[in-house]
Amino acid sequence: MKSQTVVPGARAHAFKLGVSAICLSVLSACANYAGIHSDKRIATPQQFETDRSLPAEHGLWPEADWAAQFGDAQLATLIAEALKRSPTLEQASARVRQAWAYSETAKAATLPRVDANYTLTREQFSGTAMIPPPYAGAWQTENRGLLTASYDLDLWGKRREALKAAVSQARASQADAQFVKLTLQTAIARSYNQLARLYALRDIAVQEVARREQIDRIAAGRVATGLDTEEERQIAQANLATSRAAVAALDGNLLSTRYQLAALIGAGPDRGLAIARPTLGVGGVPRLPDNLPADLIGRRPDIVAARWRVDAMTHEVKEAKAQFYPDINLSAAIGLDAFGFGHFLTAASRTASVGPAIHLPIFDAGELRAQLKGRYAQFDDAVAAYDQTLIAALADVATQIGQIRSSDAQLVDATAAQAAARSADQLAIAQYQAGLTSQLTVLSADLASLDADQAVVNLETNRRDQQIALASALGGGYADPSTSTSTSTSTSPSSSGGADAVASTRPVASTR
């Protein structure tokens with residue numbers, strides 16, 4: 001029988017194969033995310049038909065001081081005051097600072113950590129346990145001082161993806177703060193426009209009181225001469241009282257609107273009493289910018305915020321996937337450990353340790369898979385929220401520009417109707433005074449003139465309100481600062497191990 005000689009190199013090769021087989025067996029038994037995915041992708045403006053509703057008109061995007069187009073210095077002052085003192089903006093600013101602080105915490109987790117610890121322990125050891133004499137049954141003071149260091153190798157990018165997610169959330173908070181600012185500016189401008197409307201309607205109401213007083217005087221003269229009965233006089237006086245009540249109602253609305261403006265700028269109600277009558281002009285000619293749908297995603301702060309949240313969820317999905325892989329943490333410690341104080345600062349009390357720690361999830365009852373499913377669900381929700389925000393923004397712009405065009409057409413006819421109604425009203429009063437017609441005809445003409453005057457004021461104010469809303473719908477002068485240095489990139493949470501560095505500021509997110 002022949003003997004076999006085993007070559008040392010063959011033994012080493014066999015050992016490596018055995019270790020590899022064991023590792024593969026362990027990994028195959030570990031938790032995995034097979035079958036968990038999402039095919040969602042954020043919508044692009046090109047997906048929606050907008051050529052007819054949002055035609056290119058060679059217009060300009062609103063400037064940051066878009067309210068200046070109405071030529072009222074007081075409006076600009078109110079907006080500037082609100083930007084300095086509004087609690088609403090303070091809240092938004094605080095949320096931004098909180099988000100960036102969280103990103104700094106996430107960044108710290110990617111770097112080495114060094115700590116110093118010192119403990120002083122007074123302890124009586126058991127006389128019948130493992131501690132030998134002379135310490136058994138005695139009280140001892142232990143001094144222990146350690147300098148420790150640790151570092152997570154982050155081989156699969158878990159910490160890096162968490163940092164990217166935190167940064168994206170912080171940028172979303174910044175865009176949210178800009179949206180809050182724009183919303184506040186819009187609310188002040190629209191309330192101020194409402195104040196202008198109330199003043200104009202009050203002027204009409206005061207003029208109506210004067211006309212009703214004239215009709216009452218004519219009625220009194222006709223009753224005195226026997227041309228009319230006391231009934232006509234009572235009708236005239238009732239209409240006069242109604243007109244005076246309308247003036248009082250408008251005065252109340254003016255006061256409440258002043259208080260509302262004061263609250264919007266973050267001041268007390270007395271600040272509203274100091275607001276002078278608005279002197280708003282017509283404003284600029286509204287024309288839509290070219291390439292509006294594509295550029296709007298970088299001009300509307302709410303769209304920018306929604307896009308950053310999709311990007312954040314992309315990285316959170318990758319972070320959740322990295323949880324399935326082994327964690328390797330390096331740690332080291334050096335220090336002094338001694339009983340009593342006499343030996344604490346001696347070389348014999350030195351202690352040191354160094355080594356890796358490896359964590360590998362094998363069986364967790366589905367916890368990691370459930371966590372990843374939750375992240376994918378949050379990603380899908382963020383994509384749907386982005387799509388809805390984009391759709392609403394496009395509809396908002398189309399609605400406002402369509403209403404402005406409609407108001408322009410209505411104003412032509414309303415102005416003509418106003419001129420005719422005023423002429424008919426003056427003629428009816430003259431004929432009534434001459435005894436050629438009845439008070440009923442006068443009241444009918446008067447009501448028609450009143451309605452025509454109010455219609456013109458409301459249309460003019462509505463058109464200005466629509467211009468304000470259009471400036472807001474176009475972003476109010478906001479421009480995403482990240483778009484000037486970055487290009488659109490497709491990001492996928494399903495990238496292997498989450499190790500891809502996604503630096504895009506305009507992510508078109510998808511999952512596979």
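Read-outs throughout are calculated quantities, based only on the coordinates presented, and are distinct from any laboratory measurement. Worth saying up front: this structure is predicted, and the values here are computed from it rather than measured. Here Cβ is always computed from backbone atoms with ideal geometry, including for glycine, and neighbour counts include all displayed protein chains.
Over the stretch 172-280, what is the relative contact order in percent, taking alpha-carbon pairs closer than 8 angstrom and at least six residues apart?
Numbers: 81 pairs, mean separation 38.6, N = 109.
Here the relative contact order equals 35 percent.
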Open item on the list: Return the Rg/Rh ratio of the stretch 427-472 with Cα-based radii and a Kirkwood Rh.
Closed with: 1.37
TODO: Could you work out, for the stretch 151-215, what percent of all Cα-Cα pairs fall into each 10 Å distance bin, beginning at 0 Å and stopping at the bin that holds the largest distance?
DONE: 17, 18, 15, 14, 12, 9, 7, 5, 3, 0
- [ ] Compare the peptides 146-157, 383-394 by average per-residue count of other Cβ atoms within 10 angstrom and give them in order, highest first.
- [x] 383-394, 146-157
- [ ] Among the listed pairs LYS40/LYS181; LYS40/LYS158; LYS107/LYS373, give every one whose C-alpha distance is greater than 29 Å.
- [x] LYS40/LYS181
TODO: Diagonalise the Cα gyration tensor of the stretch 89-194 and give the resulting equivalent ellipsoid semi-axes, square root of 5 times each eigenvalue, largest first, whole Å.
DONE: 57, 20, 10
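Calculate how large, on average over all directions, the projected area of the Cα convex hull of the stretch 347-449 is; give the answer in nm² to one decimal. Kindly include the intermediate steps, with their values, before the conclusion.
Working: hull surface 82.8 nm².
Averaged projected area of the stretch 347-449's Cα convex hull equals 20.7 nm².
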Task: Nearest 10 degrees, 0 to 90: helix 367-433 Cα axis against the chain principal axis - done: 10 degrees
Open item on the list: If N is the number of residues in the stretch 133-266, what value comes out of its Cα radius of gyration divided by 2.2 N^0.38 Å?
Closed with: 2.73
Open item on the list: Compute for the chain: radius of gyration divided by Kirkwood radius, i.e. Rg/Rh, restricted to C-alpha atoms, rounded to two decimals.
Closed with: 1.27
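For a quick protection proxy, order the peptides 130-140, 197-207, 240-250 by their average other-Cβ count within 10 Å, most packed first.
Numbers: 130-140: 11.2, 197-207: 18.6, 240-250: 15.5.
Put in order of decreasing packing, that is 197-207, 240-250, 130-140.
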- [ ] Rounded to the nearest 0.05, what FRET efficiency do LEU111 and LYS373 give with R0 = 35 Å and r taken as the Cβ-Cβ distance? Could you check?
- [x] 0.70
- [ ] Report P(r) for the stretch 71-129: all Cα-Cα distances, bin width 5 Å, range 0 to the bin holding the largest distance, values in whole percent.
- [x] 4, 12, 9, 9, 9, 8, 8, 7, 7, 7, 5, 4, 3, 3, 2, 1, 1, 1, 0
TODO: Using R₀ = 25 Å, calculate the FRET efficiency as 1/(1 + (r/R₀)^6) where r is the Cβ-Cβ separation of HIS343 and ALA149; round to 0.05.
DONE: 0.50
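How high is the relative contact order of the stretch 315-406, given as a whole-number percent (alpha carbon pairs under 8 Å, six or more residues apart)? Don't skip to the end; give the middle numbers.
Working: 65 pairs, mean separation 28.3, N = 92.
So the answer I get is 31 percent.
Would you kindly state how much longer the chain becomes between LEU255 and HIS37 on full extension, computed as 0.36 nm times their sequence separation minus their alpha carbon distance, in nm to one decimal?
Working: separation 218, 0.36 × 218 = 78.48 nm, distance 5.76 nm.
Using 0.36 nm per residue and subtracting the Cα-Cα distance, I get 72.7 nm.
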